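The next block holds one structure in the form of C-alpha cells; read it before the comments.
Read-outs throughout are calculated quantities, based only on the coordinates presented, and are distinct from any laboratory measurement. From a predicted model like this one, the values you see are computed outputs, not experimental measurements.
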Amino acid sequence: DNEIRDEVHIKLHNELPGKPEALYPVGNNIEGDSILLEASEFIDYDGDDPSAVQWRLYKNCEIDPELLFDEFVNKENWYFYEDTQESLELGLLPIQPLDGSTAYCWQVRYRDSSLGWSQWSDNTYFQTIESQYTANLLLNAGAENGTDNWVVHEGYFESLEAYECDGVEPHSGEYYFSVGGICNSAGYSEASQSIDVIEYADCINEGLTQAHFGGYLSNWGGSDHPEMQMIFLDESHNEIESSPILDTYNSSWTFLSNSQLMPEETAYIQILLMGTRYTGSDNDSYFDDLFVKIFRDESCLNTLILGDLNQDEILNILDIIIMVNIILEGDDYQLQADMNEDGFVNILDIVTLVDIILEM
C-alpha cells in the first residue's frame, strides 16, 4: 500500500540550464499598476525538464537596495492527486501593484529536473510612472513588527522567524504570520486590521474607487487552510459588503489578489485573516507581504501636493530621493517637482522640499 509521492533523477554530471534573460519590465515609463514579470524560455543543454524558477525584485537598486520579494515557484504541486500548478507558466509571474515614480530592478533563474540552477539573469532596471493607486494602507503587513496593528478575535496569531517552531521561511524579510499558530495552536483562528478610508469618502460615494488587496499565502504540507477576506464597514463599523475569499492549499508561497468597487458609505476596510487546521497538531496557515491599495479614477484624484513625487500624500525622504534622481538623470520636466515654480527642477527645489519637511 506504499505510495511514491516524489521521484527525482539526479545526473552525476548534470549540465546546468542556460542563463535566462529578463524580458519585461525594463526601461522607463513602466505602468506599475499591473505588472507581469516575463523571462525568456527555459533552455537545458542536456535535455532536462524545468522544475522551478526563482525571482527577485528590489526597490531603489542604485541607492539603498531593498529586497521586496524572493519568489520560488515549483512547476508542480500535488494536492489530493491534483496538480495545483498545472496551468502555471514558469516564465511569467504576476505581482502586486508597485509604487509610482519609483526605481526597481529584478532578476530570475531556472532550475532543471536534475536540481541544477542556472546563473541569475543580468540585473534588469525599470522605473514606474505615476500611479493611481495609493501606497499600501496596511500597517505591519509583513509581520516585521510582531503582531502590532492586528487584533486577534479567536485562537492564536504569531509572528515567526524562519523555521521557528519547525515552521517555514518567510516570503520576504525576517518574519511571517501564522494564523492558528505553530508555537501555540488552535483548530481555527482569526485576526484582523481595520483601515480608516474616510478621507476618500467623496470618491467612494461617487463610485470612483476600487480596493485592491492580497498577499502571499501558504501552508506546510498541503492540508491546512489560510484564507483572507476584505470587508467594507460604515462609520459605525457595520458591515456593508464583503469580498470573495482568497485562499490556497499550496505548500509554497502563492500570490493571491482581488479588486472590488468600494460600496457607498464605506468608512473602513477590515482585512480578515483566517486559519483552519485539518491535519496534525499545528495550524499551518501562513501569510506574508499583505497589502491593501485604493485605486482612484483620474477624475477623482485629489489635487497633487507639490513635492509628493511618489503620491503617498506624505512629504518625506523618499520624495527627496526621487527629486535627486530627476535632476541627475535629466528626466523630463515634472511640474510636481518644481517646488519654487520657476519652470526648472534643480537644487533650489531640493532645498525648498527639505525645508518644508523639517518644518512639519
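Figures for the structure shown
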| read-out | value |
| --- | --- |
| Using alpha-carbon coordinates, inclination of helix 317-329 to the longest axis of the chain, degrees | 80 degrees |
| Average silhouette area of the range 203-317, convex hull of alpha-carbon atoms, in square nanometres | 9.3 nm² |
| Zero-based 10 Å bins, Cα pair distances in the range 112-191, whole percents | 15, 29, 25, 22, 8 |
| Helix-derived mean residue ellipticity, 222 nm - over the chain, DSSP H n ≥ 4, -39500 (n - 2.57), to 500 | -2500 deg cm²/dmol |
| q = 0.13 Å⁻¹: log10 I(q)/I(0) that the Debye formula gives for the chain, counting C-alpha atoms only | -1.14 |
| Whole-Å distance, taken between Cα centres, linking the range 239-266 and the range 92-131 | 25 Å |
